[in-house]
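Participant: Can you keep this structure in mind? I'll have questions shortly.
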Amino acid sequence: MLLKIHSQGIENSQVQEICDCLERGGLIIYPTDTVYAIACKLGNMKASERLAALKGKKFEKSDFSIVCNSISQASDFTKPITNNIFKLLKDNTPGAFTFVFQASTSIPRILQTKKKTIGIRIPDNDIALKIVECLDYPLITTSLPTKDLEVECYTNPEYFYDLYCERVEIIINDGTGQEETSTVIDLTGGEIDILREGLGVLQH
């Protein structure tokens, strides 16, 4: 289903429809502050395996992040952070970043790897944040594939509807998305280590 969003913003009834779909184990394609992304509710194994399959990978070999709507929610899934890291997050979220942390034991087992790390996204996108707020639980997410594809295939919902309409339950059309992915920052060692330059410009 292609769900079009009005220029004045997403309606509460639409947010609820999306969350009901996620609760049933559905997949959605949704806008972020970077490229469009695919997501399901964190903790649903069957939906997570479908998510990995869309990237052509097995779940255990896939790099996923979780989308939270606040630093407070994110902190439930990370080991305790220092005051300096908290200030860094406060200055840069919501924003176009993926922050990699040491994972806490609250992370569902399906996400626990030998490295015991987790990528956290708090995107600067009203739709994404409202979905997580309504769901009252994070999403597990990955950006749409971009390799070897024309830009329209991962920025224009009208294009990727043809690619994914039979593999996801809801595609949210909020207009043309960004071409760049998030900036990935490793904070597992307590220092700032930029793993990938992306759309986000770090303030620190």
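Participant: Do you know which residues across segment 149-198 are of a type in the set (Ser, Thr, Tyr) and on the phi > 0 side of the Ramachandran plot? Spell out how you get there, then give the answer.
Facilitator: First, the residues of segment 149-198 that are of a type in the set (Ser, Thr, Tyr): 154-155, 159, 161, 164, 176, 181-183, 188.
The answer is none; no residue qualifies.
Participant: Now, a different point. Quickly run through segment 25-43 and pick out the residues that are in contact (Cβ under 8 Å) with a residue 24 or more places away in the chain, in contact with a helix residue (DSSP H, G or I) (Cβ under 9 Å, 6 or more places away or on another chain) and assigned to a loop (DSSP other than H, G, I, E, B). Explain how you work it out, then say what you get.
Facilitator: Start the filter on segment 25-43 by keeping residues that are in contact (Cβ under 8 Å) with a residue 24 or more places away in the chain, which leaves 26-43.
From what's left, in contact with a helix residue (DSSP H, G or I) (Cβ under 9 Å, 6 or more places away or on another chain): 26-33, 35-43.
Residues satisfying the conditions are Gly26, Leu27, Pro31, Thr32, Asp33, Val35, Tyr36, Leu42, Gly43.
Participant: Within segment 115-137, take every residue that is in contact with a helix residue (DSSP H, G or I) (Cβ under 6 Å, 6 or more places away or on another chain) and not in a strand (DSSP E or B) and give me the one that is surrounded by the most Cβ atoms within 10 Å (Cβ to Cβ).
Facilitator: Step one: of segment 115-137, the residues in contact with a helix residue (DSSP H, G or I) (Cβ under 6 Å, 6 or more places away or on another chain) are 120, 130-131, 134-135.
Next, only the ones that are not in a strand (DSSP E or B) stay: 130-131, 134-135.
Details: Lys130: 18, Ile131: 24, Cys134: 16, Leu135: 20.
It comes out as Ile131.
Participant: Also: Give the number of residues within segment 144-160 that are surrounded by fewer than 18 Cβ atoms within 10 Å (Cβ to Cβ) and either touching a residue at least 40 places away in the same chain (Cβ under 8 Å) or part of a helix (DSSP H, G or I) (or both). Step through it out loud before you land on a result.
Facilitator: Kept after step one, since they are surrounded by fewer than 18 Cβ atoms within 10 Å (Cβ to Cβ), are these residues of segment 144-160: 145-153, 156, 158-159.
After this cut, where a residue has to be either touching a residue at least 40 places away in the same chain (Cβ under 8 Å) or part of a helix (DSSP H, G or I) (or both) as well, the list is 145-146, 152-153, 158-159.
Going through segment 144-160 one residue at a time, the tally reaches 6.
Participant: Yes or no: segment 45-53 includes at least one residue that is basic (Lys, Arg), at pLDDT 95 or above and within 17 Å of Ile107 (Cα to Cα). Outline the logic, then answer.
Facilitator: Keep residues of segment 45-53 that are basic (Lys, Arg), which gives 46, 50.
Checking the rest, the ones that are also at pLDDT 95 or above come to none.
No, segment 45-53 contains no residue that is basic (Lys, Arg), at pLDDT 95 or above and within 17 Å of Ile107 (Cα to Cα).
Participant: Another question, then. Read through the list (1) under 22 Å from Thr98 (Cβ atoms); (2) not in a loop (DSSP other than H, G, I, E, B), then give the number of the only condition that Leu163 fails.
Facilitator: Failed condition: (1).
Conditions tested, residue by residue: (1) touching a His at 6+ places or on another chain (Cβ under 9 Å); (2) part of a strand (DSSP E or B); (3) modelled with pLDDT of 90 or more.
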residue	(1), (2), (3)
Asp63	no, no, no
Ile66	no, yes, yes
Asn69	no, no, yes
Gln73	no, no, yes
Phe86	no, no, yes
Phe101	no, yes, yes
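Participant: In segment 44-61, which residue that is assigned to a helix (DSSP H, G or I) and basic (Lys, Arg) is surrounded by the most Cβ atoms within 10 Å (Cβ to Cβ)? Walk me through it before giving the result.
Facilitator: Restricting attention to segment 44-61, the residues satisfying the condition of being assigned to a helix (DSSP H, G or I) are 45-54, 59-61.
Now narrow it down to the ones that are basic (Lys, Arg): 46, 50, 61.
Numbers: Lys46: 9, Arg50: 18, Lys61: 9.
In this case the residue turns out to be Arg50.
Participant: Does any residue in segment 66-80 that is in contact (Cβ under 8 Å) with a residue 12 or more places away in the chain and more than 19 Å from Asp126 (Cβ to Cβ) come within less than 7 Å, Cβ to Cβ, of a residue that is hydrophobic (A, V, I, L, M, F, W, C) and in a loop (DSSP other than H, G, I, E, B) six or more places away or on a different chain, and which pairs are these?
Facilitator: If the second residue must be hydrophobic (A, V, I, L, M, F, W, C) and in a loop (DSSP other than H, G, I, E, B), the pairs left are Phe77/Ile107.
Participant: Please count how many residues of segment 159-175 are in contact with a helix residue (DSSP H, G or I) (Cβ under 8 Å, 6 or more places away or on another chain) and of a type in the set (D, E, K, R).
Facilitator: 3
Participant: Taking the condition of being surrounded by fewer than 21 Cβ atoms within 10 Å (Cβ to Cβ), at pLDDT 95 or above and out of contact with any Phe, Trp or Tyr (no Cβ under 9 Å at 6 or more places or on another chain), how many residues in segment 168-192 meet it?
Facilitator: Within segment 168-192, residues that are surrounded by fewer than 21 Cβ atoms within 10 Å (Cβ to Cβ), at pLDDT 95 or above and out of contact with any Phe, Trp or Tyr (no Cβ under 9 Å at 6 or more places or on another chain) number 1.
Participant: Of everything in segment 65-88, what is buried (at least 20 other Cβ atoms within 10 Å of the Cβ) and touching a strand residue (DSSP E or B) at 6+ places or on another chain (Cβ under 9 Å)? Give them in sequence order. Spell out how you get there, then give the answer.
Facilitator: Kept after step one, since they are buried (at least 20 other Cβ atoms within 10 Å of the Cβ), are these residues of segment 65-88: 65-69, 74, 77-78, 88.
Correct list: Ser65, Ile66, Val67, Cys68, Ala74, Phe77, Thr78, Leu88.
Participant: While we're here: As an exercise: evaluate Glu23 against (1) under 14 Å from the mean Cα position of the chain (by Cα); (2) surrounded by fewer than 13 Cβ atoms within 10 Å (Cβ to Cβ) and give the number of the one condition it does not meet.
Facilitator: With respect to (1) under 14 Å from the mean Cα position of the chain (by Cα); (2) surrounded by fewer than 13 Cβ atoms within 10 Å (Cβ to Cβ), Glu23 is out only on (1).
The values are calculated or read from the model by the stated rules, or taken from the named source; none is laboratory data. Nothing here was measured: the structure is a model prediction, and the numbers come from that model. Neighbour counts are summed over all protein chains in view; Cβ atoms, including those assigned to glycine, are modelled from backbone coordinates with ideal geometry.
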